[in-house]
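Step one of this worksheet: look at the structure below.
The values are calculated or read from the model by the stated rules, or taken from the named source; none is laboratory data. Predicted model, so just to flag it, every value in this text is computed and none were measured. Glycine also receives a Cβ, built like all others from the backbone with ideal geometry; neighbour counts cover every protein chain displayed. Heads up: the accessible areas ignore ligands, DNA and RNA and are worked out on the full protein's heavy atoms, side chains in. Shrake-Rupley method; radii C 1.70, N 1.55, O 1.52, S 1.80 Å.
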Amino acid sequence: MSMLVRFAPACLSASQYDETVRKLEDAGDFPPDGLDLHVCFGSDGNLRVSEIWDSKEQFDAFGERLMPVLSEAGIDPGEPELIEIHNIVKR
């Protein structure tokens, strides 16, 4: 079952976000298997991330690679909100 994952860290800057994505891409870990959609939005210093995953298991597997990168960048993602998706409509 597809999952919506929403991250709302206390503080996330554009430079922290960009550095994290770059490191994950350089390591070949981004975009990961199972990630259908990734959106970063908000104002600098108050960015949020929402993602759609094919399964919770794939999200959890990526989390094991993601967490050390976030820690290194000084990002505390807090507890993500996980929501089962009922329907997805694409253009």
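For the stretch 1-29, backbone nitrogen atoms closer than 14 Å to the point 7 Å from Cys40 Cα along Cα-to-C-beta are found at 7-9, 11-26.
When the Cα positions of Ile88, Gly45, Gly78 are compared along the charge dipole of the chain, Ile88 comes out farthest toward the positive end, with charges on each C-beta of Lys, Arg, Asp and Glu. Taking the 1.4 Å solvent-accessible surface of the chain as the whole, the part contributed by carbon and sulfur is 51%. Residues whose amide H falls under 5 Å from that of Asp36, counting only those 5 or more places apart or on a different chain, are Ile52, Trp53, Asp54, with hydrogens built in the peptide plane.
A probe of 1.4 angstrom, applied to the heavy atoms of all protein chains, finds Phe62 with accessible area near 10 square angstrom. For the stretch 28-41, 3J(HN,Hα) computed residue by residue from phi via the Karplus equation (6.51, -1.76, 1.60; θ = phi - 60°) reads x, 9, 9, x, x, 4, x, 7, 8, 8, 10, 10, 10, 8 Hz, glycine and proline entered as x.
Would you mind working out the magnitude of the charge dipole of the chain relative to its Cα centre, with +1 at each Lys and Arg C-beta and -1 at each Asp and Glu C-beta, to the nearest 20 Debye? Kindly include the intermediate steps, with their values, before the conclusion.
Numbers: 8 positive and 18 negative charges, 72 e Å.
Roughly 340 debye, rounded to the nearest 20.
Our note on the geometry: Cα centres of the stretch 7-38 and the stretch 40-91, 8 Å apart. Leu66 exposes around 20 Å² of accessible area when a 1.4 Å probe is run over every protein chain in place. Taking all protein chains together and a 1.4 Å probe, the residues Asp76, Asp29 rank Asp76, Asp29 from largest to smallest accessible area.
If you take all other residues with their beta carbon under 12 Å from the beta carbon of Val39, and give Lys and Arg +1 and Asp and Glu -1, the sum is 0. Phi angles across the stretch 11-25 convert, under the Karplus curve 6.51 cos²θ - 1.76 cosθ + 1.60 with θ = phi - 60°, into 3J(HN,Hα) values of 8, 9, 8, 4, 5, 5, 4, 4, 4, 5, 4, 4, 5, 5, 5 Hz, Gly and Pro given as x.
This structure gives log10 I(q)/I(0) by the Debye sum over Cα atoms at q = 0.16, 0.17 Å⁻¹, computed directly, and of [x] -0.64, -0.72; [y] -0.98, -1.07; [z] -0.85, -0.88 that value is listed as [x].
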